[in-house]
């Protein structure tokens, strides 16, 4: 046989073999479906289902080898295709369930986190509330203290003002009383009536001397006024002492003091002949010489109106 | 003569029974396929776009099997029933898968909404 004859025979044989091994569409689909499923999540999530698809495909392949064109081969391949799709669908279901489970866990974790955050927020709020309350109480206390201080200062100021006012009023009264007393003292008129005695209280001398003190001028001025107002009157000016010292000394001292009064009035312009002087010593006391007050009463000048 | 008639009658009845038996369609075991179709319908496969096609195919294949059986080819009919069963079961799986997918989506949305309502960063849900 020629080589070309061999080639033709081989080609015909190959054509026959190729025609005999052309898989039905169901088997092609089944192979693709299994490849797709095994490349996806099915191998990891649903290995048992993928195994069923593998077994179904193997049965279809064997049937294809035994009887390529039989309806049984096509139906078995069809079933294998559906088994592969089933594995894929169950894998998606398993993935969905896993997602749901994870989401539920996330939900619980989130709820726990929310509760934790809420508790923390509540604790912070409570702490802030306590701090604010304390701050408010401190501010109120400070305000009350300030108000108390202000009221106390006001009260002190009022008391001081009242004290100053009372002191001022008391001083004013005292000054007024002094002024009134001085006015009364200055305006008191000595009345000279014939045959009567007038005691000139307030005429004082230096100790154991016949020298008039400055305080005596007021009463001397009143005596002068009385003498001026009664130009026809003549008086006897008598000096008196207490019982301290001897009789002779007191007699001389009382006379000198009566003369000192007369000299003062003469210097003021009263005629000398209207006045005569006499020293009585301690012979005519007005009060007891047993006390200081009594002795002061007894040391005096008297005008006796003679005419 | 009477005995001969009785024998002939019995033979006639037996022959009629044999002829009748040979003329009826073979009994198919459709339980697995019908159960799968019923389960697919109960799972709502007819309302799930991805599953309704397979439910429809399963029903058609069941009818084809009946037709083939009626023509007397029990073997091919039972082979066709395998298709019906496989499509019915796939319709069930796809229908339930759709429900599970919806449930997963809703669960994720619940988490997202919870975090949004409580001002918690969304990115933490993927941790």
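The values are calculated or read from the model by the stated rules, or taken from the named source; none is laboratory data. What you see is a predicted model, and the numbers here were worked out from it, not measured in a lab. Cβ: placed from backbone, ideal geometry, glycine included. Neighbour counts: every protein chain shown.
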Qualifying residue in the range A:172-189 (condition: over 30 Å from residue A:293 (Cα atoms), outside the structural domain of residue A:257 (by TED's automatic domain parsing) and in a helix (DSSP H, G or I)): yes
So which residues in the range B:82-97 are closer than 20 Å to residue A:72 by Cα and more than 9 Å from chain A (Cβ to nearest Cβ)? B:84, B:88
Out of curiosity, is residue A:252 in the same structural domain as residue A:288 (by TED's automatic domain parsing), surrounded by 19 or more Cβ atoms within 10 Å (Cβ to Cβ), free of Cβ contacts under 8 Å to residues at least 40 places away in the same chain and part of a helix (DSSP H, G or I)? no
Please verify whether the range A:180-190 includes one or more residues that are more than 14 Å from chain B (Cβ to nearest Cβ) and either at pLDDT 90 or above or touching a strand residue (DSSP E or B) at 6+ places or on another chain (Cβ under 9 Å) (or both). yes
Name the pairs whose Cβ atoms lie under 9 Å apart, with the first residue in the range B:43-57 and at positive phi, the second in a helix (DSSP H, G or I), and 6 or more positions between them or separate chains? B:44/B:51; B:44/B:95; B:44/B:98; B:44/B:99
Mind checking whether some residue in the range A:38-49 is modelled with pLDDT under 95, within 11 Å of chain B (Cβ to nearest Cβ), surrounded by fewer than 19 Cβ atoms within 10 Å (Cβ to Cβ) and more than 16 Å from residue B:87 (Cβ to Cβ)? no
Evaluate the following for residue A:60: is it more than 13 Å from chain B (Cβ to nearest Cβ) and touching a helix residue (DSSP H, G or I) at 6+ places or on another chain (Cβ under 8 Å)? no
Scan the range B:98-109 and give yes if some residue there is crowded, with 16+ Cβ neighbours inside 10 Å, over 23 Å from residue A:109 (Cβ atoms) and either under 17 Å from the mean Cα position of the chain (by Cα) or within 13 Å of another protein chain (Cβ to nearest Cβ) (or both), otherwise no. yes
Any residue at all in the range B:21-41 that is facing chain A (nearest Cβ under 9 Å) and either modelled with pLDDT under 95 or in contact with a strand residue (DSSP E or B) (Cβ under 9 Å, 6 or more places away or on another chain) (or both)? no
Quick check, is residue A:155 assigned to a helix (DSSP H, G or I), in contact with a helix residue (DSSP H, G or I) (Cβ under 6 Å, 6 or more places away or on another chain) and either farther than 30 Å from residue A:25 by Cα or more than 14 Å from chain B (Cβ to nearest Cβ) (or both)? no
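Just name the residue that is nearest to the chain's Cα centre (by Cα) out of those in the range A:13-37 that are at pLDDT 90 or above, surrounded by fewer than 16 Cβ atoms within 10 Å (Cβ to Cβ) and farther than 13 Å from residue A:60 by Cα.
A:36
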Scope the range A:84-114; condition crowded, with 16+ Cβ neighbours inside 10 Å and more than 7 Å from chain B (Cβ to nearest Cβ); matching residues: A:84, A:87, A:88, A:91, A:94, A:95, A:102
Which of the residues belonging to the range A:259-307 are in a loop (DSSP other than H, G, I, E, B) and surrounded by fewer than 15 Cβ atoms within 10 Å (Cβ to Cβ)? A:269, A:271, A:283, A:284, A:286, A:287, A:288, A:290, A:291, A:306, A:307
Go through (1) modelled with pLDDT under 85; (2) exposed (fewer than 14 other Cβ atoms within 10 Å of the Cβ); (3) part of a loop (DSSP other than H, G, I, E, B) for residue A:202 and report which single condition fails. (2)
